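Here's the structure we're looking at; comments come further down.
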Amino acid sequence: MQYQPEPTSLNQARAAFQKIWGYDDFRPPQGEIVGSLLAGKDTIIIMPTGGGKSICFQLPALLQTGLTLVVSPLVALMENQVQELRDRNLPASLLHSQLPTAQRRQTMQSLQQNKLRLLYLSPETLLSKPVWEIISQPHIQINGLILDEAHCLVQWGDTFRPAYRRLGTVRSALLKAKPANSKIAIAAFTATANPDAQQTIKNVLQLQKPEVFLLSPYRSNLHLQVQTVWTPRGRRQQLLNFIKARPKQAGLVYVRTRKDSESLADLLEAAGYETAAYHAGLSPESRRKIEKAWLNNDLKFVTCTSAFGMGINKPDVRWVVHFQAPLLLSEYIQEIGRGGRDGKQAIALTLISEPTGLLYPEDKQRAQFFQDKLRSQYREAQQLAKKLPVKGDIEAVSREFPESAIALSILHSSGQLTWQDPFNYAIDKSAQQKGEKQNFTAAAEMAKYLKHRECRWQFLLQAFGFTKEATSMRCGHCDNCR
């Protein structure tokens, strides 16, 4: 398939959309988003899961000469999207640490020869020496940097995937190496970002007057329920009763840790159900196998951590159970969003222990563990900051201080450090520390939601900044409204 050099009109985009994907027309606001990206504007897009986000950046990338870099958090997510593009013979590829050497070499060669339109990679791979050396060559034309699942920058950027915090200087560093008048647009896509998270994304990525597209996460076919259980045994019984009542339906059971996914899967299998534990510790082959079995309905449900679901599109999921509540509302709304994408009825059930937690202290302990770990990471970062050179190169500093990557990202999020380019930082000793509170308020908000007595959808809309829609909201179909 030949690509026109620079079509910019929306009509041409629509024609390509019909030709490649076979759809008649865009769903609003897909057309406006495609237009914004074709015009080279910075953009933030918040759109519920299953809303057709990926097409919004894939299409503009294919219609332009040059390369669009797609920063994606999970290998499974990249593989699914790249496979779909390749099935349509489109010039897309991916790079991640688990790739076979020959495949990696081939992709690097295509990159060097300007043969790709879309390249999917993690923030860590983007900032790795071999990749950076190629993309910063003057002859490699880069049109855009897309941050897919941008909420990961907020959820993981401080303490888990510190490379996210260095993405803001990628554009300026690349432009220095490119011909004059080169432009690189940045777009951030996610299904969930409250106003604070949107601000963090804007600041970290250094977006310039971004166009913002906000779509309400409300889904009238998704019924929210929170159920109190008194003991661990009661929780298991509730889950078994719930699954037993829905023998032919596809679903998901979410837990918080790898260990929990394995022990719960064993328990369900002992009770005669076919399921599989899915978590980030599995090999890519095992993960693909489980995803495939679930997509083909060979497995009715998967017992999984938050690693499952991003970018996996199965329209007929009738139920999502949180066997353990997520720690953050943004995780919750991501995960329940996997239910009922076909517009038919779906249930999202969360099981929680009673308020005192006396008979079932685990939920409280889990939340406490999360808070304590966060506090100690912030404390350690402040301690380490005293030893780190005021200015430095992350590679050299990491060799001397193995824990420094996380410390640097925490200092960045608390306003005490700036990245001069993706590899060099400067610490400002006089800056006031800020930022730690945001994660704690986020955790408190989840607890508040679970105890909420009024319309649950109203609470969620309010929390994610849809104040106008929330004002008159009474969904009529959550457990509280009913």
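Below is a table of values for the structure above.
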item: Percent of C-alpha pairs per 10 Å bin, the stretch 362-401, short to long; result: 26, 35, 23, 14, 2
item: Rounded to the nearest 10 Å², the accessible area of THR471 at probe 1.4 Å; result: 110 Å²
item: Which listed pairs, of LYS248/LYS289; LYS259/LYS434; LYS115/LYS391; LYS300/LYS344; LYS391/LYS434, have C-alpha distances above 26 Å, in listed order; result: LYS259/LYS434; LYS115/LYS391
item: Percent antiparallel among DSSP beta bridges (both partners in the chain, rounded to 5); result: 10 percent
item: Convex hull volume of the chain per residue (C-alpha atoms, cubic angstrom); result: 157 Å³
item: Reach of LYS178 by Cα under 17 Å, taken over lysines that are not fewer than 8 positions away in the same chain; result: none
item: Relative contact order [Cα under 8 Å, 6+ residues apart], the chain, whole percent; result: 15 percent
item: Amide hydrogen neighbours beyond the local backbone of THR350, cut-off 5 Å, H modeled; result: GLN225, VAL226, GLN227, HIS322
item: Viscosity 0.890 mPa s, 25 °C: Kirkwood-radius Stokes-Einstein D of the stretch 263-331 over Cα pairs, µm²/s; result: 189 µm²/s
item: Probe 1.4 Å - accessible area at SER122, Å² to nearest ten; result: 10 Å²
item: Hydrodynamic radius by Kirkwood, which averages 1/r over all alpha carbon pairs of the stretch 75-227, in angstrom; result: 17.3 Å
item: Burial order of peptide ranges 143-156, 185-198 (average beta-carbon count within 10 Å, highest first); result: 143-156, 185-198
item: Computed over the stretch 116-207: relative contact order in percent, which uses C-alpha pairs under 8 Å that are six or more apart; result: 37 percent
item: HN-Hα J in Hz across the stretch 125-139 - Karplus 6.51, -1.76, 1.60, θ = phi - 60°, x for Gly and Pro; result: 5, 4, 8, 7, 3, x, 6, 4, 4, 6, 5, 8, 6, x, 7
item: Cα convex hull of the stretch 1-149 - mean projected area over all directions, nm²; result: 8.6 nm²
item: Kyte-Doolittle mean at least 1.0, axial Cα span of 20 Å or more - DSSP H helices of the chain; result: none
item: Label point at GLU354 placed 7 Å out along Cα→Cβ; residues across the stretch 220-236 whose backbone nitrogen lies under 14 Å; result: 228-235
item: Inter-part distance where the stretch 234-278 and the stretch 415-479 are each reduced to a Cα centre, Å; result: 30 Å
item: Ellipsoid equivalent to the stretch 189-294 - semi-axes via the Cα gyration tensor, in Å; result: 35, 20, 15
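The values are calculated or read from the model by the stated rules, or taken from the named source; none is laboratory data. This structure is a prediction, so every number in the text was calculated from the model and none was measured. Here the Cβ is made from the backbone with ideal geometry for all residues, glycine too, and neighbour counts use every protein chain on show. Accessible surface areas use protein heavy atoms only, side chains included; no ligands, DNA or RNA. Shrake-Rupley method; radii C 1.70, N 1.55, O 1.52, S 1.80 Å.
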